[in-house]
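Comments concern the structure below.
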Amino acid sequence: MTSQDGKYNIKAISNLVGIQPGTLRAWERRYQILNPVRNDSGHRLYTEEDLKKLKWLAEKVENGFTISQAVSILENEVGHIDTEEEEEVESPRKIRDQLLKLLLAFEEGKSQDLINQAFSLYSVEKVVIEILGSLLVTIGDMWENHKITSAHEHYATQILKNRIGMIFYSLPSNGLLPKAIAVCGPEETHEVGLLIFTLFLRRKGFEVIYLGTSIDDNDIETIVEEVNPTFYFMSCTMLHNAPKTIEIARGLAEKFPFLQIGLGGYAFDQMTAAEKKEIDGFLLGNTKEHWNKWLQEGLEKESS
């Protein structure tokens, strides 16, 4: 039996590669990448070559490629697919490691080119979270542990934040959606989680005023009065900063009863169930599903 002989029915091939039969049929129909033969009953039988292609495509999709990007790469391959060839495709981790070296060497041009390459390969969310956001955390940790100088930290962080900012401000806002303010809690300096959440809001069309690291307590009420937002979001990563963040949230809720306040970040994830219950109405959660549910409930409150 050769690699072009039909061997696997659609149920078997589905189990082997972890892709639903309906998805397999859609890929076959849309991209003409498979050539299953038909048995006497007219059922599809996939070849060893089909299996190899599907495993390769499934792995690329799992690593963040869209199926169309993966198919494009597959079509540009010369000859059959070998495991050695997969190293030619840049993974998010490999890009992140390369980018770190370039940033710490003050290679701005090459760094920007590599970031552009990442955006051409992966979705915006994947680049921001797994490459740019992850690097912001890594660089911050390296500086705190005295592995790099403050000059390295400032330079690299500025480039990464600028790229995230470019994405943020290029996204259109929907004038029909309410305004929101996003800011880090008091004494907080880690912005990655807040940046990711704000990007999520902007991609949904919300007009978000991003204030970044914590602002002076005396300015908070002034900003709320000037902007008149529907939502006010605060991020907190350090557990010892959580009480003050909660205090501010409660104070704002008391003074501005129609302001809907959301709290998120690693500090709140680390709280006990009893502690979370006390501030349940404020907690955003830590997944897109949680965020969508919280926002939907908030929009319903506003319209009622």
message = Looking for something acidic (Asp, Glu), at pLDDT 85 or above and in a helix (DSSP H, G or I) - is there at least one such residue anywhere in segment 54-67?
response = no
Inside segment 268-304, the number of residues satisfying the requirement of being over 19 Å from residue 176 (Cβ atoms), in contact (Cβ under 8 Å) with a residue 60 or more places away in the chain and part of a helix (DSSP H, G or I) is 2
Flagged pairs (Cβ under 7 angstrom, 6 or more apart or on separate chains; first in segment 1-16, assigned by TED's automatic domain parsing to the domain that holds residue 43 and at pLDDT below 65; second buried (at least 17 other Cβ atoms within 10 Å of the Cβ) and among the hydrophobic types (A, V, I, L, M, F, W, C)) are none
- Message: Quick check on residue 161: is it charged (D, E, K, R), free of Cβ contacts under 8 Å to residues at least 60 places away in the same chain, under 18 Å from residue 199 (Cβ atoms) and part of a helix (DSSP H, G or I)?
- Response: yes
Out of (1) surrounded by 13 or more Cβ atoms within 10 Å (Cβ to Cβ); (2) over 16 Å from residue 235 (Cβ atoms); (3) at pLDDT below 85; (4) not polar (S, T, N, Q), the one residue 269 does not meet is (2)
Taking segment 99-134 and keeping residues touching a residue at least 24 places away in the same chain (Cβ under 8 Å), more than 15 Å from the chain's Cα centre (by Cα) and either outside any helix (DSSP H, G or I) or under 20 Å from residue 288 (Cβ atoms) (or both) leaves 106
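Within segment 248-260, restricting attention to residues that are part of a helix (DSSP H, G or I) and out of contact with any Pro (no Cβ under 9 Å at 6 or more places or on another chain), which residue is nearest to residue 291 (Cα to Cα)? If you could, list the steps in order and put the result at the bottom.
So in segment 248-260, the residues part of a helix (DSSP H, G or I) come out as 248-255.
Subsequent filtering for residues that are out of contact with any Pro (no Cβ under 9 Å at 6 or more places or on another chain) retains 249-255.
On the way: 249: 18, 250: 20, 251: 23, 252: 21, 253: 19, 254: 23, 255: 25 Å.
That would be 249.
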Over segment 160-188, the set of residues modelled with pLDDT of 75 or more, surrounded by fewer than 17 Cβ atoms within 10 Å (Cβ to Cβ) and among the small types (Gly, Ala, Ser) is 165, 170
Residue 295 fails exactly one of (1) on the phi > 0 side of the Ramachandran plot; (2) in contact with a strand residue (DSSP E or B) (Cβ under 9 Å, 6 or more places away or on another chain), namely (1)
For segment 78-89, check the following and say yes or no: at least one residue is modelled with pLDDT of 75 or more, of a type in the set (Val, Ile, Thr) and surrounded by 14 or more Cβ atoms within 10 Å (Cβ to Cβ). no
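Yes or no: residue 263 at negative phi, crowded, with 16+ Cβ neighbours inside 10 Å and outside any strand (DSSP E or B)?
Working: at negative phi: yes; crowded, with 16+ Cβ neighbours inside 10 Å: yes; outside any strand (DSSP E or B): no.
Here the answer is no, as residue 263 does not meet what is asked.
The values are calculated or read from the model by the stated rules, or taken from the named source; none is laboratory data. All of these numbers come straight from a predicted model, not from anything done at the bench. Cβ atoms come from the backbone with ideal geometry, glycine included; neighbour counts cover every protein chain shown.
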